[in-house]
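Everything below concerns the one structure shown next.
None of the figures in this text is laboratory data; all of them are computed from the coordinates on show. Fair warning: this is a prediction, and the values are worked out from it, not measured in the lab. Note that we place each Cβ from the backbone using ideal geometry, even for glycine, and neighbour counts take in every protein chain shown.
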Amino acid sequence: MKLYFANTSPYARKARMTLFEKGLQDRVETIFANPFEENPALTAANPLGKVPALVTEEGTAIYDSPIICAHLDSLAAEPALIPEGPARWAVLTREALTDGILDAAFAMVMERRRPAEQQSPSWLERWTTAILRSLDAVESDIAGYEGALTMAQIGLGAALGYLDFRLPDIDWRAGHPKTAAWFEAFARRPAMRATDPARA
Ligand SMILES: N[C@@H](CCC(=O)N[C@@H](CS)C(=O)NCC(=O)O)C(=O)O
């Protein structure tokens, strides 16, 4: 398999953490790809030109991060990151919430890279509000991110790590003490340390 990734991409971090947690690193060739540069190999794998993108041993392209992670989860039984039964939908919905936090955060980072006079204060405010409202939901549901490792936890770890890395001014820990305590413990996992964008 081949995984196109960028060290600073939180979506790619989800895929890299999943590889690590599933013990599948030896089965994958990780290929650095800057999505903002011309890259025919990346766009052949993902016409959207985004990372992560996975190409399986059979040559099938798989994207985006939730689908890649679900595929990787299917390749080895343990740990089961997406449970069967009713818990499946709860885990996938929590992962979707963390992906949505990432979407809002990534949009903010891109917006702030535009010339100041072209930036939209109303969009920046809307994305900030969405991030903080979503973290309120995580805070009141923190038990849903405890226990055996799931894609919800990997998604939350990637999202909070990205807020620290790119948007520290949001100060997400204020008003979210349970989430902050959760992240302090989760960030010690070897998979989190091995994929820390600040160490890249
Ligand atoms: N929904 C996608 C988002 C992937 C994504 O937006 N990746 C960013 C890097 S962090 C990217 O490649 N952006 C390039 C672009 O937007 O053209 C996923 O979960 O994989």
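Starting with the fewest neighbours, write out Tyr4, Tyr145 ranked by other beta-carbon atoms found within 10 Å of each beta-carbon.
Values: Tyr4 28, Tyr145 21.
Listing Tyr4, Tyr145 from fewest to most nearby Cβ atoms yields Tyr145, Tyr4.
Counted by neighbouring Cβ atoms within 10 Å, the residues Asp171, Asp103, Asp73 run from fewest to most as Asp171, Asp103, Asp73. Round to a whole angstrom and tell me the spacing of the C-alpha centers of segment 63-142 and segment 17-37. Here the two parts' Cα centres lie 19 Å apart.
Per DSSP H run of at least 4 residues, take -39500 (n - 2.57); add these up for the chain, divide by its residues and hand me the 222 nm value, nearest 500 deg cm²/dmol.
Values: 8 runs with 106 residues, N = 200.
That calculation yields -17000 deg cm²/dmol at 222 nm.
Under 5 Å from the amide H of Ala53 lie the amide H atoms of Tyr4, each residue being 5 or more positions distant or on a separate chain, with H modelled from the backbone and absent for Pro and chain starts. Shape summary of the chain, radius of gyration then Dmax from alpha carbon positions: 16.6, 51 Å.
So for the chain: antiparallel DSSP bridges make up what percent, rounded to the nearest 5?
Working: 5 of 9 bridges.
Percent antiparallel among DSSP bridges in the chain is about 55.
Among Phe5, Phe32, Phe106, Phe186, which comes first, second and so on when ranked by fewest other beta-carbon atoms within 10 Å? Please report the intermediate quantities before stating the final value.
On the way: Phe5 25, Phe32 12, Phe106 17, Phe186 20.
Final ranking by Cβ density, sparse to dense: Phe32, Phe106, Phe186, Phe5.
Each Cα pair under 8 Å and six or more residues apart adds its separation to the average, and for segment 1-71 the resulting relative contact order is 39 percent. The H on the amide N of Thr30, modeled in the peptide plane, is under 5 Å from the matching H of Leu3, each at least 5 residues off or on a different chain.
Quick one: compute the contact order of the chain, relative version, from alpha carbon pairs under 8 angstrom and 6+ residues apart, as a percent. Spell out each step's value before the answer.
Working: 236 pairs, mean separation 47.5, N = 200.
Across the chain, relative contact order equals 24 percent.
Projecting the Cα atoms of Pro177, Leu102, Thr129 onto the dipole axis of segment 85-185, where Lys and Arg carry +1 and Asp and Glu carry -1 at the beta carbon, places Leu102 farthest toward the positive end. When each of the peptides 158-165, 58-65, 15-22 is scored by the mean number of other C-beta atoms lying within 10 Å of its residues, the order from highest to lowest reads 15-22, 158-165, 58-65.
Between Ala137 and Asp26, take the C-beta separation as r, use R0 = 41 Å, and let me know the FRET efficiency to the nearest 0.05.
The value I calculate is 0.65.
If I take R0 = 35 Å and measure r between the Cβ atoms of Ala87 and Ala181 in this structure, what FRET efficiency does the formula 1/(1 + (r/R0)^6) give, to the nearest 0.05? Here the calculated transfer efficiency is 0.90. Each of Thr60 and Thr128 was given a label point 7 Å from its Cα along the Cα-to-Cβ line. The distance between the two points is 4.4 nm. Length available on full extension from Ala41 to Glu78: 0.36 nm per residue minus the Cα-Cα distance, which gives 10.2 nm.
For segment 7-53, just say rounded, prolate or oblate: build the C-alpha gyration tensor, square-root its eigenvalues into a ≥ b ≥ c, call rounded for a/c under 1.5, and beyond that prolate if a/b exceeds b/c, oblate if not. Provide the component values of the computation, followed by the final result.
Numbers: a/c = 2.51, a/b = 1.82, b/c = 1.38.
Because a/c hits 1.5 or more and a/b exceeds b/c, segment 7-53 counts as prolate.
Rounded to two decimals, the Cα-based Rg/Rh of segment 21-131, with Kirkwood Rh, is 1.04.
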